[in-house]
2 protein chains.
Amino acid sequence: MSSSLLMRLSTRGITAHPLSSSFRSVVISRNFSFKKNGNTKERVVILGSGWAGYSIARTLDPEKYERVVISPRPYFVFTPLLASTSVGTLEFRTILEPIRRLPGKIEFYQGWADDINFNSKSVKVETNAAEEAASKTVVPPPGGQITVKAKGDIIDIAYDKLVIACGAYSQTFGIQGVREHAHFLRDIGDARRIRLRVLSLFEQCSYPRGSDHLTDDDKRDLLHFAVVGGGPTGIEWAAELHDLIHDDLGRIYPQLLPFVKITVYDVAPKVLPMFDQALATYAMEHFGRQGIEVKTEHHLQRIRLRDGLLGNRHGALSIKIEEYGDKEIGAGMVVWSTGLMANPLISKLASKSHTIFPHSSIPTNPKSGETAVNRHLLVDPRTGGLMTDGQLRAQTVTDDESKQKGFMDDVFVIGDCAVIEGNPLPKTAQVAAQQAQFLAKQLNKAGEGSKMEAEFKFRNWGTLTYLGGWKAIHQSKADELKGWVAWVVWRGAYLTRSMSWRNKALVPFYWIISWIFGRGISRF
Amino acid sequence: MSSSLLMRLSTRGITAHPLSSSFRSVVISRNFSFKKNGNTKERVVILGSGWAGYSIARTLDPEKYERVVISPRPYFVFTPLLASTSVGTLEFRTILEPIRRLPGKIEFYQGWADDINFNSKSVKVETNAAEEAASKTVVPPPGGQITVKAKGDIIDIAYDKLVIACGAYSQTFGIQGVREHAHFLRDIGDARRIRLRVLSLFEQCSYPRGSDHLTDDDKRDLLHFAVVGGGPTGIEWAAELHDLIHDDLGRIYPQLLPFVKITVYDVAPKVLPMFDQALATYAMEHFGRQGIEVKTEHHLQRIRLRDGLLGNRHGALSIKIEEYGDKEIGAGMVVWSTGLMANPLISKLASKSHTIFPHSSIPTNPKSGETAVNRHLLVDPRTGGLMTDGQLRAQTVTDDESKQKGFMDDVFVIGDCAVIEGNPLPKTAQVAAQQAQFLAKQLNKAGEGSKMEAEFKFRNWGTLTYLGGWKAIHQSKADELKGWVAWVVWRGAYLTRSMSWRNKALVPFYWIISWIFGRGISRF
């Protein structure tokens, strides 16, 4: 082996997140930890690889715990830059962090957690590695239940401690056609499909007249980009799309620019509700100058494929909006970014009775003679999420008439699928990541005798939304910022905190490359 | 508009290929050029965007000619690095050059040239922008004819001069199952599918035992990578795969390494026939040390999907090889890289009679009273390619008994679909690119009074093949090189000559990133 290769091998270990400083405390933790199969480390199984799941996997000390991650996708997506990849400013892979590349020993199984047995302490997983990674946002049909075809093998994964961090699904409110025809923007596959569709629409409208050529009205319909939902995701995507068209596609297809239109629809009277009025107004005025229309108090009722060739060949859509009566709006694509709902695993767990020992972290062997008590998981009636106490432990209630409340001290719920009793928080990356950090630190400290924080406290770092054309708005308790400096500083800090060195190098490099040479415009 | 943006706009024009120095000769060329629709520039239509089509589009002077490119894919693929992208050393997009980003005005229509009318001087094109770009290698079914469903619109594109550069198809020799189950490696979509498949196979073999777990023999079958064809493409892919497994996957799935096997099959008694015996032996010894098996004089007879779950769920294959009798070999994937055949457009043009005026570059108006003569295109009986003279003009032969030979001086054939009469050349990127350069320079000089080169002459720059583990072999008339210096120098020179600045920056950056941090291993 050459010395250069040896050097490379040693540098391969470089990562953004040094191991916890407490890794010398193995002996202490041995005294504490529950031993399984003669192994000295507790086995922490984490369901999910989003902000919550990835953050805890990254922060949990591999010297103290056996880390096992189960997720339908083998990577974490840095979602704040997802819209950037969907328009080609960044390459898809630059915002992915493979779970298997986390430093320290880690087990990963690609699959859907299908059920949990809190008694035998195991998770039933349907494997999905045989397919392309399930990188598409899955949306339940109007009826509600998703019936996943059992394509994969079923495996059982045992745990000592379980962290449920499997997130939430996109909410379609049962609106007809959303599931079939709208684009979501939550996973990397979504971003890829959006990019292909945008570029394909321009290509399709660029042909000279043929035997069934597109009229100018057809082009106007196909190049109408509709965004449903005026939260940060929808607004940012509209802004990024505007940049792509203004900076790149406008040069390549100048004759098509007069046909392009971007519209954001929202049911609320105001978009960007998390920003104060002055910033939201600034954003809307900026959008106005860029030609992006924002239609508040508009209710989408149906999306359908257009009849005839326009629908069949070009995938043109018709959108029905309550306020417009029977007159439908044409569009080439609809990007859906509004609302979340409980995911099927959570619904399944919530719906049934579980045999759970009163203190499940104390030996759970059924032969020990303890009487099992049947319990339900406590569920937040509004969101369908699982209720936790301030230490993020899953709460339960007995099935008998006493309705006695309790918790499992070996099962934690964090992120979008969790609701802290008495402390409702927004379903954001910040909340998920902070919960994961809190829990990981608690677990790392366990048995060291150091004082634990009693309760999880959310610290709001503020919100940033990109508005296109190098403008952004940022709001937190401390300050308010506008302009591109805010964007670079804030996003840069975020990036530094969450990404590997690989992507810390690649993302700024792509920013420069795209700025100088334009965005990537090839479809494949 | 900010000054930084203006700066960016001006730098956007940076490219690897300055415009031809002869762009001040417009007036002279006006006297010469055939005028169409009052336009002073001749309209050169180029079919294809591979080495031949892209090179001529890039070299042809946009001040002198209206350039029109028709291709089913909107980009050029830098094929020498395709194997590198298929294992994640490079990102796919770094080896693509979008046709629409060529400097100077250029028209591009995405579609398949379906037919040519040499009399009215127009090309019938079936558009295909509505689908994902047709980035998959298309292989005809055993019967021979491809029936492409008419999904796209049909448009007619007029030309003054036509350059047929649409390449050749992969040859499957009618072997059962190749078309359905083998992976090709000719376009970027092929590379993407190969990458997904390789990574998915490792992921599939990594699960713990489940209800229908894989046995060690199953894993041995699934992790057997078979390569058919011992030319540079097949050998390089085997080498790149070895590097991926050795450098990256071996760290992530160490328990699977004992099951991995790579085998190269070839019907000939020797692989890499273009290298002399010493270099080929060096290559085979190097492969031997890396554990890659090379089986010469082996004839593949059939590929089929395995029966049962192994085939259905995991896509395992069975390969029948003549030399092994009825005993079939298991494999997770087969990469096919052997042989070319005429593409359907060429076969169609070759099979029928065309009405072609004797000197088609002189006015072709049917009303001029000239008597049209029915002719066939002259075809190379061995490869099915179109025959040209030394100036790369398409040759014809009259349909009458006189069998009078002639040529069209407004129709040129270059690259893999062309055969120069009396000067057979290998179907390689070098030949295609040199023919394109020759032809573009001839056309750029036309009418300037400068002396034209009478005949195309191929200059062999030598051949390089990467062998894995930083080793390569290079051979030309002048020298023979081994080792990694050869690789860097030679490939670097190639890169410099063919790629845009964007990719000239990205490719070395990715080499460094992959070298330090490992290859990209996320599937999506």
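Give a quick list of GluC sites (Glu not before Pro) in the stretch B:292-352 that DSSP marks as loop, anything other than H, G, I, E or B, with at most 16 other Cβ atoms within 10 Å.
Those that pass, being in a loop and sparsely packed, are B:Glu297.
Where in the stretch A:149-247 are there trypsin sites (Lys or Arg not before Pro) that are in a DSSP coil and have at most 10 other Cβ atoms within 10 angstrom of their Cβ?
A:Lys149
Starting from a label point 7 Å past Cα on the Cβ side, list the distances from A:Glu293 to the same position in the other copies, nm, shortest first.
6.6
Based on Cβ point charges of +1 for Lys and Arg and -1 for Asp and Glu, what charge dipole magnitude is obtained for the stretch A:178-338 about its Cα centre, in debye rounded to the nearest 20? Before the final figure, lay out each step's value.
Numbers: 20 positive and 24 negative charges, 79 e Å.
The calculation lands at about 380 debye.
Using all C-alpha to C-alpha distances in the stretch B:178-338, build P(r) with 5 Å bins and read off the rounded percent in each one.
Calculated P(r), rounded to whole percents: 2, 8, 18, 22, 21, 16, 9, 3, 1, 0, 0.
Convex hull over the Cα atoms of the stretch B:191-248, averaged projected area in nm²?
4.7 nm²
Separation of the stretch A:452-524 and the stretch B:315-339 by C-alpha centroid, Å?
49 Å
What ranking of B:Lys471, B:Lys105, A:Lys504 comes out by heavy-atom accessible area, probe 1.4 Å, highest first?
Correct descending sequence by accessible area is B:Lys105, B:Lys471, A:Lys504.
Among the listed pairs B:Lys64/B:Lys457; B:Lys41/B:Lys161; A:Lys121/A:Lys352; A:Lys124/A:Lys352; B:Lys41/B:Lys441, which are separated by more than 18 Å between their Cα atoms? Could you put the intermediate results ahead of the total?
Details: B:Lys64/B:Lys457 25 Å; B:Lys41/B:Lys161 11 Å; A:Lys121/A:Lys352 16 Å; A:Lys124/A:Lys352 16 Å; B:Lys41/B:Lys441 16 Å.
Too far apart for the 18 Å limit: B:Lys64/B:Lys457.
Find the centroid of the Cα atoms in the stretch B:51-92 and in the stretch A:61-92, then give the distance between the two in whole Å.
Comparing the Cα centres of the stretch B:51-92 and the stretch A:61-92, I get a distance of 32 Å.
Give the ranking of B:Thr85, A:Thr338 by solvent-accessible surface, highest area first, calculated with a 1.4 Å probe. Intermediate values should be presented prior to the final figure.
Values: B:Thr85 0, A:Thr338 45 Å².
Heavy-atom accessible area, descending, gives A:Thr338, B:Thr85.
At a probe radius of 1.4 Å, what is the per-residue accessible area of A:Cys166, in Å² to the nearest 10?
40 Å²
Near B:Ser84, within a Cβ-to-Cβ distance under 11 Å, what is the net charge of the other residues, with Lys and Arg +1 and Asp and Glu -1?
-1
Could you check what % of the DSSP bridge pairs in the stretch B:178-338 are antiparallel, to the nearest 5?
35 percent
Probe 1.4 Å, all protein chains in place: accessible area of A:Trp51 in Å², nearest 10?
The accessible area of A:Trp51 comes to roughly 30 Å².
So what's the net charge close to A:Gln434: Lys and Arg +1, Asp and Glu -1, counting the other residues with Cβ under 10 Å from its Cβ?
Its environment carries a net charge of +2.
Taking the Cβ of B:Pro208 as the center, what net charge do the other residues with Cβ under 12 Å away carry, scoring Lys and Arg +1 and Asp and Glu -1?
On the way: positive: B:Arg209; negative: A:Glu107, A:Asp153, A:Asp156.
With Lys, Arg at +1 and Asp, Glu at -1, the net is -2.
Using only Cα atoms, locate the centre of the stretch B:257-313 and the centre of the stretch B:160-229, then give the distance between them in Å, rounded to an integer.
Using only Cα atoms, the two centres lie 14 Å from each other.
Considering only A:Phe275, A:Gly325, A:His181, whose Cα is most displaced toward the positive end of the charge dipole of the stretch A:178-338, charges sitting on Cβ of Lys, Arg (+1) and Asp, Glu (-1)?
The listed residue farthest towards the positive side: A:His181.
The values are calculated or read from the model by the stated rules, or taken from the named source; none is laboratory data. Nothing here was measured: the structure is a model prediction, and the numbers come from that model. Glycine gets a Cβ as well: all are built from the backbone with ideal geometry, and neighbour counts include every protein chain shown. With ligands, DNA and RNA removed, areas are computed over all heavy atoms of the protein, side chains included. Shrake-Rupley method; radii C 1.70, N 1.55, O 1.52, S 1.80 Å.
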